[in-house]
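Novice: Have a look at this one before I ask anything.
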Amino acid sequence: DAEGEGGARGPQTLTMNMIAGWAKALDKGDSFRALRDMVRAFESACHIDNVNDAAKQKKGEKGDIGEDDSVRLKFRILSGQVFERLMRLCITRMDAFLAKYLELKPGEGGKINPQSSARWKKVSPIVKAYVKSVVSFSDTLTDPVMVHMLLRHAERVIPYVRPFPKVARKLLKVALRVFGAVEQNRVQAFVVVRRLALDMPHPFIESCYKGMYLTYVRHVKFTNPNVLHGQLFMAQCVVELFGLDMSAAYEHSFVYIRQLAIQLRGALTATSQKTKESHQAITCWQFVNSLLLWGRMLCAYPAENQLKSLVYPYVQVTLGVIKHVNAPKYYPLRMRLCAALTRVGYHAKVYIPLAPFYLDILSKKDLYKTSNKGGDQPIEWDTTIKVSKQALSGRVYQEGAFEETLKGLLVFLSSVCYSPSFAEIIVHVVMQLRVFAKATTVNRFRRQAKDLIDKLEKNAAWVNRARGAKGLSPQAEGDLNCLRPAAGGAGSGAR
């Protein structure tokens, strides 16, 4: 008996012939002994250091492994080729070997349930040992290629992880660590988290939601052009994961938006001694990126049976931040937050009055004449919260602020350009733009402001004709953009 001999003589030396024999027996699907021995060999491969410590203990030397582990690990791997062959076989075929031995057939949606097999009770300790080794080995690896292979394999064996919640929690922890730290394996790590959220019984999905959001928050403390795309991808992954269960998503979204509101309240009510700290708490990238994430979330799930009831508190928090950071150096932050609210209003089909915040920037006398200072390099508006005093007085920042303000204002008004009340919405906008065009001495600024006025008035005339034809008033309830032409129909004058 191999087991008895292994227990008497210590770990056996693993060979290519042994691996080939196990594979041949498992292809037939009826050898419990081959499955057990292959799993034990895989355990030994995942704990090579422990096996070496066990060997030391046999010689009376001090080792780190306990007596139970030295008995459990039955094989010793002395060849790199044997190690590679064993790993490749397990990672590529173990899920197929298990399915064949358990005689599993895909159920609804292609899912399999190992616990439905008559052989499950006998083989469950072996399966548990295997999935524990896969997870533990994944947690110790640093090579991105090996991590990717192990995560792909972990995804395929998740049906066998389902009966073991502790192992599933550890796998979730490993996947979240890789998701946050290893960019080239971020997609595969997200796939594992998503699969766990779908396959594990409730309330495991709540752990996935909490883990994904907190991982995102921990890794967006700083934003620059080099990491921006990675952070946007992480945000999109969080948004997609929250779409799996709207009930749980609402609860978590409510809690985290409320946390942002508490931080804002702390900044608004801070004493003079704590003002600087509280102010920094809502102007740091971690807070801003969290706020932008929830804007994306509301855009993705704006329906009444999804997250629409959270639009109002989110808008109040975001507007509170915009009003609090009204200094010119924070124009980049205000632009980002206004753009986020524009998207939320468009997708949720609600009107958010953002024009005053854009017009407030145009009312500053800094834009009435060209600065004599050239300034530094162009501002990266998507990755900047505030600018230095030196850049603030430069022509580069002045021109960027005007262009971004006009672009943001145009996008906001475009989001309501089919509203029956569009003509009334733009009255104050047009008045302020005329004042700006008259006051500024920069010809390019004046020309662009007048062009925008022409577009707005042309669109307002079209809206007046369209709402008159339909008998609508500016106070008409219903879809915010109910005058939108049908596909192939005539567009408005501004388009």
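Novice: Suppose we keep only residues that are under 14 Å from residue 417 (Cβ atoms) and open to solvent by 50 Å² or more (accessible area, probe 1.4 Å) within the range 471-485. Which one would you say is modelled with the highest pLDDT?
Specialist: 484
Novice: Next up: Is it the case that some residue within the range 346-355 is outside any loop (DSSP other than H, G, I, E, B), of a type in the set (D, E, K, R) and either surrounded by fewer than 19 Cβ atoms within 10 Å (Cβ to Cβ) or without any contact (Cβ under 8 Å) to a residue 12 or more places away in the chain (or both)? Talk me through it step by step, then tell me what you get.
Specialist: Residues of the range 346-355 outside any loop (DSSP other than H, G, I, E, B): 346-348, 355.
If we keep only those that are of a type in the set (D, E, K, R) too, we end up with none.
Looking for residues that are outside any loop (DSSP other than H, G, I, E, B), of a type in the set (D, E, K, R) and either surrounded by fewer than 19 Cβ atoms within 10 Å (Cβ to Cβ) or without any contact (Cβ under 8 Å) to a residue 12 or more places away in the chain (or both), one finds none in the range 346-355, hence no.
Novice: Here's a follow-up. Please go through the range 356-389 and pick out each residue that is among the acidic types (Asp, Glu), assigned to a loop (DSSP other than H, G, I, E, B) and modelled with pLDDT of 80 or more. Even if it seems obvious, please write down each step before you answer.
Specialist: Residues of the range 356-389 among the acidic types (Asp, Glu): 360, 366, 376, 380, 382.
In the following step, the residues that additionally are assigned to a loop (DSSP other than H, G, I, E, B) were identified as 376, 380.
Matches in the range 356-389: 380 only.
Novice: Return the residues of the range 419-451 that are open to solvent by less than 10 Å² (accessible area, probe 1.4 Å) and either of a type in the set (Ser, Thr, Tyr) or on the phi > 0 side of the Ramachandran plot (or both); say none if nothing qualifies.
Specialist: Correct list: 419, 440.
Novice: Give me the pairs, please: first residue somewhere in the range 176-191 and more than 15 Å from residue 232 (Cα to Cα), second residue anywhere and assigned to a helix (DSSP H, G or I) and of a type in the set (Asp, Glu), beta-carbon distance under 8 Å, and either six or more positions apart or on two chains.
Specialist: Between residues of the range 176-191 that are more than 15 Å from residue 232 (Cα to Cα) and residues that are assigned to a helix (DSSP H, G or I) and of a type in the set (Asp, Glu), the close pairs are 177/139; 188/155; 191/155.
Residues are listed down the side, and each one gets a yes or a no for (1) buried (at least 20 other Cβ atoms within 10 Å of the Cβ); (2) within 14 Å of residue 293 (Cα to Cα); (3) within 12 Å of the chain's Cα centre (by Cα):
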residue: 216; (1), (2), (3): yes, yes, yes
residue: 222; (1), (2), (3): no, no, no
residue: 225; (1), (2), (3): no, no, no
residue: 233; (1), (2), (3): no, yes, yes
residue: 237; (1), (2), (3): yes, yes, yes
residue: 242; (1), (2), (3): yes, yes, yes
residue: 247; (1), (2), (3): no, no, no
residue: 252; (1), (2), (3): no, yes, no
residue: 257; (1), (2), (3): yes, yes, no
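Novice: Quick one: which of 298, 293, 264 is crowded, with 20+ Cβ neighbours inside 10 Å and either assigned to a loop (DSSP other than H, G, I, E, B) or at pLDDT below 95 (or both)? Explain how you work it out, then say what you get.
Specialist: Details: 298 fails: either assigned to a loop (DSSP other than H, G, I, E, B) or at pLDDT below 95 (or both); 293 fails: either assigned to a loop (DSSP other than H, G, I, E, B) or at pLDDT below 95 (or both).
Exactly one of 298, 293, 264 is crowded, with 20+ Cβ neighbours inside 10 Å and either assigned to a loop (DSSP other than H, G, I, E, B) or at pLDDT below 95 (or both), namely 264.
Novice: Okay, next question. Scan the range 192-201 for residues that are aliphatic (A, V, I, L, M) and either surrounded by 18 or more Cβ atoms within 10 Å (Cβ to Cβ) or modelled with pLDDT of 95 or more (or both) and jot them down. Lay out the reasoning, then the answer.
Specialist: Our first condition is that a residue be aliphatic (A, V, I, L, M); within the range 192-201, this holds for 192-193, 196-198, 200.
Result: 192, 193, 196, 197, 200.
Novice: Could you tell me whether residue 65 is over 25 Å from residue 114 (Cβ atoms), at pLDDT 50 or above and open to solvent by less than 40 Å² (accessible area, probe 1.4 Å)?
Specialist: Numbers: over 25 Å from residue 114 (Cβ atoms): yes; at pLDDT 50 or above: no; open to solvent by less than 40 Å² (accessible area, probe 1.4 Å): yes.
Criteria not met by residue 65.
Novice: Is it the case that residue 378 is surrounded by fewer than 18 Cβ atoms within 10 Å (Cβ to Cβ) and under 23 Å from residue 311 (Cβ atoms)?
Specialist: Numbers: surrounded by fewer than 18 Cβ atoms within 10 Å (Cβ to Cβ): yes; under 23 Å from residue 311 (Cβ atoms): no.
So residue 378 fails the test.
Novice: Which of the residues that make up the range 390-417 are within 20 Å of residue 442 (Cα to Cα) and not in a helix (DSSP H, G or I)?
Specialist: Correct list: 393, 394.
Novice: Of the numbered conditions (1) hydrophobic (A, V, I, L, M, F, W, C); (2) open to solvent by 80 Å² or more (accessible area, probe 1.4 Å); (3) modelled with pLDDT under 85, residue 392 satisfies every one except a single condition; which is it?
Specialist: Residue 392 satisfies every listed condition except (2).
Novice: Please list, ordered by residue number, the helices (runs of 4 or more DSSP H) wholly in the range 115-205 having 1 or more residues that are over 23 Å from residue 46 (Cα atoms) and over 16 Å from the mean Cα position of the chain (by Cα).
Specialist: Values: elements: 120-140, 144-156, 158-161, 165-181, 186-199.
In the range 115-205, 120-140, 186-199 are the helices (runs of 4 or more DSSP H) which contain 1 or more residues that are over 23 Å from residue 46 (Cα atoms) and over 16 Å from the mean Cα position of the chain (by Cα).
The values are calculated or read from the model by the stated rules, or taken from the named source; none is laboratory data. Model, not experiment: these values are computed from the prediction. No Cβ is skipped: glycine too gets one built from the backbone with ideal geometry, and neighbour counts run over all protein chains shown. Heads up: the accessible areas ignore ligands, DNA and RNA and are worked out on the full protein's heavy atoms, side chains in. Shrake-Rupley method; radii C 1.70, N 1.55, O 1.52, S 1.80 Å.
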